[in-house]
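Heads up: the structure comes next, in structure tokens.
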Amino acid sequence: MTAHDVARALPGIENLRDHCRGLATLDAVLCPEWAWRYHSFDVSWGAGGQLASMRDGMGSEYAIVFSAAGAYARGFDHRSLMSPYARPDVPAVWPGVLDEIPDVFRAYVTEPAFCDERGVPTVTCCLWRRTGDSAWRTGAVDHPEGGDDDPDGADHLFALLVDRSPEAYAAWASDYFEMPVDVDAVRAVLELRPLTPEIVAALNPEIAFADLGEDLAAIGYPTT
């Protein structure tokens, strides 16, 4: 699966935003230490924008900017043959990945948070959808020959955005956080139902509901 396949599998902008808020909330409940979380969401990122992000702890990540213009999704797989650092002598983005980005999203290509210290965008795959578009889009990319079935990293980077079922998250989280994860409680959070002490306790009895206020505010999770 590549970014082209992911583009066909993603939901609309608002549904994706809600799902990302749910993922970030689940991670906040299961992992009180922010630095060790996989998913995050910042409802007040940038000039009127919101940011969903993922870090796998091994150098790969994604960032999705939601704005009035639509949504811009950038993924970086540090192991990919399409990484800018696969050519360490002159790091460069793989041809086609960013070439067709609409002007309304161009500022995100050079956003310092999405580039290295030399200004090289850290990206192996990219998707976008303007407000009013009927589908997600990607650039025309010729993937490297002789690689695996996930040449740009999109398959594993966006796996929980493609399979948005509570079962998929619960299976992933029980492995990642090394703890049992209640599927019904996951379902409630992914549906953005108001968070209750009972839902929190079902997910992680070691955290108090009252301790989540700051995280819920940063994520923009509904409280009523």
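The values are calculated or read from the model by the stated rules, or taken from the named source; none is laboratory data. Bear in mind the structure is a predicted one, so any value in this text is a computation, not a measurement. We place every Cβ from the backbone using ideal geometry, glycine too, and count neighbours over all the protein chains shown.
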For the range 160-186, give me the residue count where each residue is small (Gly, Ala, Ser) and in contact (Cβ under 8 Å) with a residue 12 or more places away in the chain. 3
Taking the range 85-110, which residues are in contact (Cβ under 8 Å) with a residue 12 or more places away in the chain and more than 19 Å from the chain's Cα centre (by Cα)? PRO91, ALA92, VAL93, TRP94, PRO95, GLY96, ASP99, GLU100, PRO102, VAL104
When the range 40-84 is examined, which residues are found to be under 12 Å from the mean Cα position of the chain (by Cα) and of a type in the set (Gly, Ala, Ser)? SER40, ALA52, SER53, SER60, ALA63, ALA71, ALA73, GLY75
Restricting the first residue to the range 35-55 and requiring it to be among the aliphatic types (A, V, I, L, M), which pairs with a second residue that is at pLDDT 95 or above and assigned to a strand (DSSP E or B) meet a Cβ separation below 6 Å and a spacing of at least six or different chains? VAL43/GLN50; LEU51/ASP42; LEU51/VAL65; ALA52/PHE41; ALA52/ILE64; MET54/HIS39; MET54/GLU61; MET54/TYR62
Please go through (1) more than 18 Å from CYS125 (Cα to Cα); (2) of a type outside the set (Asp, Glu); (3) surrounded by fewer than 20 Cβ atoms within 10 Å (Cβ to Cβ); (4) modelled with pLDDT of 95 or more for VAL162 and return the number of the only condition it doesn't satisfy. (1)
Just checking, does the range 80-95 include any residue being surrounded by 20 or more Cβ atoms within 10 Å (Cβ to Cβ), farther than 27 Å from GLU178 by Cβ and of a type in the set (A, V, I, L, M, F, W, C)? yes
Can you tell me which residues in the range 183-206 are in a loop (DSSP other than H, G, I, E, B) and buried (at least 17 other Cβ atoms within 10 Å of the Cβ)? LEU195, ASN204
Can you spot a residue in the range 121-135 that is within 30 Å of LEU26 (Cα to Cα), in contact (Cβ under 8 Å) with a residue 40 or more places away in the chain and acidic (Asp, Glu)? yes
